[in-house]
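Single-structure report; data block below.
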Amino acid sequence: MRLKETRTLLGELAVLLESGVSVHQALESFSRLGRGTLSRYADRVAARLGAGDTLADAMRRVHGGPSLAVIAVVDAGERSGKLPEMLRRVEAEVERQLALRARLAQRLAYPALCAVVAVAGLPLFLVFQGRVAAYLTIQALVFGPAVLLAVFAMRAMTTRGSSAETSSGRWVEGIVDRVPVIGRALRQSSLGSALRLLGLLVGAGVDLATAIPLVARTAPSARVRDVLSTLADSVGRGRTLTEGLERVEDIPDDVRISVHTGEQSGTLERALEQSGTRVIDQTWRRLDVVVQLLPVALTLLLGVVALLAALAVMGKLGRFL
């Protein structure tokens, strides 16, 4: 299920439950009034509820639903009697993730355009030399894989928060993680979102040993999933989250300090959410600097190529005259 569909499902269920409608009636109403994938999913979940399942159990058993981390929050909401409140909180977190991904796409649009212009412009000297076939070959070799990679990356970002469930998704993520600017931005954004979601689960009453693997499955970055898997193993062996963070890399020092303080003061939920927000904000500041510098660098390169092309043309004209 795509994140937008998850947001719609959670929001509509929260509205109906807050109005006094039962969970089963809310899902039946949603299945009748909705359409497409969401309507069919709600209908199947309602059928499981009619058979005696809880909402969380029904969502787990019906294929094509939200991520396991979202379902864990739903489970905690049912157990605590605060289901509408937890639905609202996880809806807000999904909304935040969607906003972050839209912001990332917006930030990278101009550098991507500059890169396209550079790739198209830098080899132009080949055209002036009469080597048009070589020029077109370079464009095909660069733009072909780039377009495919962009399509797979966008698909990974819009489905379930992760494409880790397929081998092709893992292959694409491995490539994206290695792209100098985009890879680092995705990793840091993924880490920040993971910390915030982990805080949400902890606040909902889910223990760390259960919450961390659930968050790991939703992380868009393969490296962040590896970090979370290492943390899950450490916490599963009886260590604190602070001790687990000491055994992994790629975690900023301020995050380690905040988590330690949160564990000591009993405010781990708030510490995780604040740390995640801080990591995300730092990512955007770095990305903004790159966005400002990249067009300047590419413009200089294009100017050099234009000068060389002009000199080549002038040299040919000189020989002709």
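Read the figures in this text as sums done on the coordinates, not as results from a lab. This is a predicted model, so every value here is computed, not measured. Neighbour counts are summed over all protein chains in view; Cβ atoms, including those assigned to glycine, are modelled from backbone coordinates with ideal geometry.
Using alpha carbons only, how many angstrom separate the centre of segment 60-85 from the centre of segment 21-57? Spelled out, the Cα-based centre of one part sits 13 Å from the other. Hydrodynamic analysis of segment 201-298 uses the Kirkwood radius over alpha carbon pairs. Inserted into Stokes-Einstein at 20 °C and 1.002 mPa s, it gives a translational diffusion coefficient of 146 µm²/s.
Filter the trypsin sites (Lys or Arg not before Pro) in segment 215-244 down to the DSSP loop ones having no more than 11 other Cβ atoms within 10 Å, then list what survives. Of the trypsin sites (Lys or Arg not before Pro), the ones in loops of segment 215-244 whose Cβ has at most 11 other Cβ atoms within 10 Å are ARG237. The C-alpha atoms of segment 243-286 occupy a region whose extents along the principal axes are 31, 22, 11 Å, arranged from largest to smallest.
Loop-resident trypsin sites (Lys or Arg not before Pro) (DSSP state other than H, G, I, E or B) in segment 1-55 with no more than 14 further Cβ atoms inside 10 Å of their Cβ: ARG35. A compact globular protein would have a Cα radius of gyration near 2.2 N^0.38 Å; the ratio found for segment 1-118 is 1.26. Proximity of backbone amide H atoms, modeled 1.01 Å from N, is registered between ARG2 and ARG160 at under 5 Å, excluding neighbours fewer than 5 places apart on the same chain.
Quotient of the Cα radius of gyration of segment 47-96 and 2.2 N^0.38 Å, N being its number of residues: 1.12.
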